Amino acid sequence: MAILPIIETPDPRLRTISTPVEAVDDDLRRLMDDMLETMYAAPGIGLAAIQVGVPKRVLVIDLQEEEDEEGKPIKNPRYFVNPEIVWESEDASTYNEGCLSVPEMYAEVDRPKSVTVKWLDYDGKSHEETLDGLLATCIQHEMDHLEGILFVDHLSRLKRDMLLKKLEKLRRQKRAA
Ligand code: GNR
Ligand code: NI
């Protein structure tokens, strides 16, 4: 497995519309393994393939909500190939989102509270499930990446510009340090 570099805004590759996967084969499984390792190392709770420069409709998620006796997170990786939202709730929920491609910036985003998603798993097996809570928020955030959309695109122009300016300022400070 390998940790891959994560692309950050304003890299235009993040605006790519990713293409459907034709077959869940060993090459794709290798990519998903590397994505998961990259996500754990970051650390993050989800990662879309385009964030490591691969424009395929693949994402991995591990909310790592459960801990063992020693307080270490228990791994529960989930793999989503060609995910599609087939239903979304009218009820919305708000979450203070972050993104590994917009580092260290957070903002409240409203999204449907629950979504029914169809996808293929690590073995190419088909699933359909209604997801809610943080998993619903996270999969919608990841599926946005497949369309070239970032969480900042859900904000008002004023909030988005402020946040992106703050990111630029932080980067300048880091370069100077
Ligand atoms: O690590 C991540 N945390 C997060 C928090 C709230 C909503 C979405 C996310 S996903 C993000 C990792 C990432 O950038 N995935 O694309
Ligand atoms: Ni993201």
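Here are some notes:
Listed here are the residues, each with its yes/no results for (1) within 16 Å of ligand 2 (Cβ to nearest atom); (2) surrounded by 13 or more Cβ atoms within 10 Å (Cβ to Cβ); (3) modelled with pLDDT under 95.
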{"site": "E88", "(1), (2), (3)": "no, yes, no"}
{"site": "D91", "(1), (2), (3)": "no, no, no"}
{"site": "Y95", "(1), (2), (3)": "yes, yes, no"}
{"site": "C99", "(1), (2), (3)": "yes, yes, no"}
{"site": "P112", "(1), (2), (3)": "no, yes, no"}
{"site": "G148", "(1), (2), (3)": "yes, yes, no"}
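- Test: residue in segment 85-96 that is of a type outside the set (V, I, T) and closer than 27 Å to D25 by Cβ: no
- Count of residues meeting criterion [part of a helix (DSSP H, G or I) and within 10 Å of ligand 1 (Cβ to nearest atom)] in segment 147-163: 1
- Some residue of segment 104-115 being in contact with a strand residue (DSSP E or B) (Cβ under 9 Å, 6 or more places away or on another chain), closer than 21 Å to T38 by Cα and free of Cβ contacts under 8 Å to residues at least 24 places away in the same chain: yes
- Among residues of segment 142-155 that are at negative phi and aromatic (F, W, Y), those with a Cβ under 9 angstrom from a residue that is assigned to a helix (DSSP H, G or I) and near ligand 2 (Cβ under 10 Å from one of its atoms), sequence gap 6+ or separate chain, pair up as F151/H141; F151/D144.
- Here segment 101-136 is the region considered, the condition is being outside any strand (DSSP E or B) and touching a helix residue (DSSP H, G or I) at 6+ places or on another chain (Cβ under 6 Å), and the residue that is farthest from ligand 1 (Cβ to nearest atom) is S114.
- Residue check, I3 closer than 17 Å to P83 by Cβ and either assigned to a strand (DSSP E or B) or more than 11 Å from ligand 1 (Cβ to nearest atom) (or both): no
The values are calculated or read from the model by the stated rules, or taken from the named source; none is laboratory data. A quick note: this is a predicted structure, and the numbers were derived from the prediction, not measured. Because the Cβ atoms are built from the backbone with ideal geometry, glycine has one as well, and the counts that use them run over all protein chains shown.
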